[in-house]
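Contents: one structure, followed by commentary.
The values are calculated or read from the model by the stated rules, or taken from the named source; none is laboratory data. Note that the structure is predicted; figures quoted are calculated from it, not measured. FYI the Cβ positions are ideal-geometry reconstructions off the backbone, even for glycines, and counts take in every protein chain you see. Heads up: the accessible areas ignore ligands, DNA and RNA and are worked out on the full protein's heavy atoms, side chains in. Shrake-Rupley method; radii C 1.70, N 1.55, O 1.52, S 1.80 Å.
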Amino acid sequence: MRNLMILAVLALAACQPAPPPAPTVTMAQAGLPANGIAAMINEQRAANGLGPITEDARLSQASRSHAQDMVVNNYFSHRGLNGSDLSTRTRAVGYNCVAAENIAWGQSSEAEVMTAWMTSPGHRRNILLRDAQQFGIGRFNNHWVMLLGRGC
């Protein structure tokens, strides 16, 4: 039986004016199917009366970096070993209005991680945030990070 550990955090960060958008990196360029997890996220949101959200390259960059850091440095936490949190990491990539972060470990596919997140009350709440407009997804090995932002 594979280890499964999931934590959720709902962290509200003060919105500040956002700098000009960073160059777009698609999920396909990040090694994820272009319609895979985005479609799953928006399917869940639609089933709950919410509008779709779109990928933001900066959020995906911060997500991938945190997932990789957790694997390389052998830990699993919302707080980086350097003391960073989701707000610190997203501001470092130029995104100033993050709303929430989901992390997971052990799932081998997008479908598995979405199922795990949607059956966890905290993760589900994050995915279904009414004011979320954007998301980023990162995976390194079987460590997953999803960031949700307000699009400001």
> Roughly speaking, what % of Cα-Cα pairs in the stretch 46-89 are separated by over 11 Å, rounded to a whole number?
Replying inline: 70 percent
> Mind listing the phi-derived Karplus ³J(HN,Hα) values for the stretch 118-134, rounded to whole Hz, using 6.51, -1.76 and 1.60 with θ = phi - 60°, and x for any glycine or proline?
Replying inline: 6, 9, 9, x, x, 5, 4, 4, 4, 4, 9, 4, 4, 8, 5, 10, 9
>> For a protection proxy built on the mean count of beta-carbon atoms within 10 angstrom, sort 99-106, 114-121, 86-93, 63-70 highest first, please.
In response: 99-106, 63-70, 86-93, 114-121
> In what sequence, largest accessible area first, do Arg125, Arg45, Arg139 appear using a 1.4 Å probe?
Replying inline: Arg125, Arg139, Arg45
> If you average the sequence gap of Cα pairs under 8 Å that are 6 or more apart and divide by the length of the stretch 89-152, what percent do you get for the contact order?
Replying inline: 44 percent
>> Semi-axes of the equivalent ellipsoid for the stretch 60-152, please: Cα gyration tensor eigenvalues, times 5, square-rooted, ordered largest first, whole Å.
In response: 18, 18, 10
>> Just to verify a number: FRET efficiency for Thr119 and Thr54, C-beta to C-beta distance, R0 = 22 Å, to 0.05?
In response: 0.35
>> Run the numbers for Cys152 and Val72: contour at 0.36 nm per residue of separation, minus the present Cα-Cα distance, in nm.
In response: 25.6 nm
